[in-house]
1. With the chain treated as a Gaussian network of Cα nodes joined by springs under 10 Å, which of Gln126, Gln137, Gln172 yields the largest mean-square fluctuation?
2. Using a/c under 1.5 as the rounded threshold, could you call region 75-218 rounded, prolate or oblate? The axes a ≥ b ≥ c are square roots of the C-alpha gyration tensor eigenvalues, and prolate needs a/b larger than b/c, oblate otherwise.
3. Determine which aspartates and glutamates satisfy two conditions relative to Lys10: a Cα distance under 19 Å, and not lying fewer than 8 residues away in the same chain.
4. Going from most exposed to least, what order do Arg128, Arg146, Arg108, Arg176 have by accessible area with a 1.4 Å probe?
5. Of Ala19, Ala206, Ala93, which has the largest mean-square fluctuation in a 10 Å C-alpha GNM of the chain?
6. Please check: in the Gaussian network model of the chain (C-alpha springs, under 10 Å), which one of Glu118, Glu75, Glu55 has the largest mean-square fluctuation.
7. Relative to the present Cα-Cα distance, how much length would full extension add between Gln126 and His185 at 0.36 nm per residue of separation?
8. Among all the lysines, which ones have a C-alpha under 26 Å from Lys211's C-alpha, if same-chain residues fewer than 8 places away are not counted?
Amino acid sequence: MRTIAFVTQKGGSGKSTLATSLAVAAMQAGERVYMLDMDPQRSLMNWAEMRGEEEPSVQAVTAGRLASTLAAIEESGFTLAIIDTPGVDGPAAIAAMRLADLNIIPARPNAFDLWASETTRKLLRQHRADYVFVLNQCPPAQQSARVQQGAEALEALGGLITPLILTRVDFQEAARAGVGVTEWHPSGAAAEEMRAMWSSIKRRLARRAQKAPMRKAA
Ligand SMILES: Nc1ncnc2c1ncn2[C@@H]1O[C@H](COP(=O)(O)OP(=O)(O)OP(=O)(O)O)[C@@H](O)[C@H]1O
Ligand SMILES: [Mg+2]
């Protein structure tokens, strides 16, 4: 099983939105997905309640129980765990960072998100955790110079996964309906972005597995 965590103390950057739509895209690509909600705001739990489906499985978990919960999930045959964390660099985020094979930092293409990611990055480095950025809520093409600068800055800070995710109503409507964008509007651009994002993450996880053995949930 591979584990990915959405982390960053910057609130509103898109952790929960991307976690839910990515989970559905990965599920449609054949993964058995289990989602763990570590945020007291319970975004994933609310989404799952609205969804009313068995898959993906969603459960709330505390920092102290994360390792044993991941071990149990793996034992049950799930192939992918996706962790959503609160927008603070506290015990939940740290536990997720330490146990995830890959941490994803969503950032909007503005200076505030980039500055705010600095403390999260410091923690990730301290815990020797692997991480990548994803640029989210990008404005449409006419403002692409700013997005381009954001992308270059993030690449310099440690790696950026493709594609850039644009601001699209599909993300908001899908979340409200308890579905992923690939279910809400399968032929839409947001759905295409999520399928491409899952492909990038999968490639990245595979590359990582070649370099280092799987991190054990212990
Ligand atoms: N690509 C996108 N297009 C349009 N709206 C988006 C996109 N990504 C996120 N949003 C919107 O931005 C807001 C914040 O997103 P979200 O709740 O996922 O952020 P978060 O990082 O989980 O925040 P918190 O730290 O508070 O948990 C939501 O209203 C969501 O609908
Ligand atoms: Mg959230």
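The values are calculated or read from the model by the stated rules, or taken from the named source; none is laboratory data. It should be emphasised that the depicted structure is a prediction, and the values quoted were computed from it without experimental measurement. With ligands, DNA and RNA removed, areas are computed over all heavy atoms of the protein, side chains included. Shrake-Rupley method; radii C 1.70, N 1.55, O 1.52, S 1.80 Å.
1. So, out of Gln126, Gln137, Gln172, the one fluctuating most is Gln126.
2. Working: a/c = 1.66, a/b = 1.21, b/c = 1.37.
Because a/c hits 1.5 or more and a/b fails to exceed b/c, region 75-218 counts as oblate.
3. Of all the aspartates and glutamates, those that pass the test against Lys10 - Cα under 19 Å, at least 8 places apart if same chain - are Asp37, Asp39, Asp84, Asp89, Asp113, Glu118, Asp130, Glu155.
4. Numbers: Arg128 205, Arg146 105, Arg108 50, Arg176 160 Å².
My answer, sorted largest first, is Arg128, Arg176, Arg146, Arg108.
5. Largest GNM mean-square fluctuation: Ala206.
6. Of Glu118, Glu75, Glu55, the most mobile in the Gaussian network model is Glu75.
7. Values: separation 59, 0.36 × 59 = 21.24 nm, distance 4.02 nm.
Residue separation times 0.36 nm, minus the Cα-Cα distance, leaves 17.2 nm.
8. Result set, ordered by chain and number: Lys122, Lys202.
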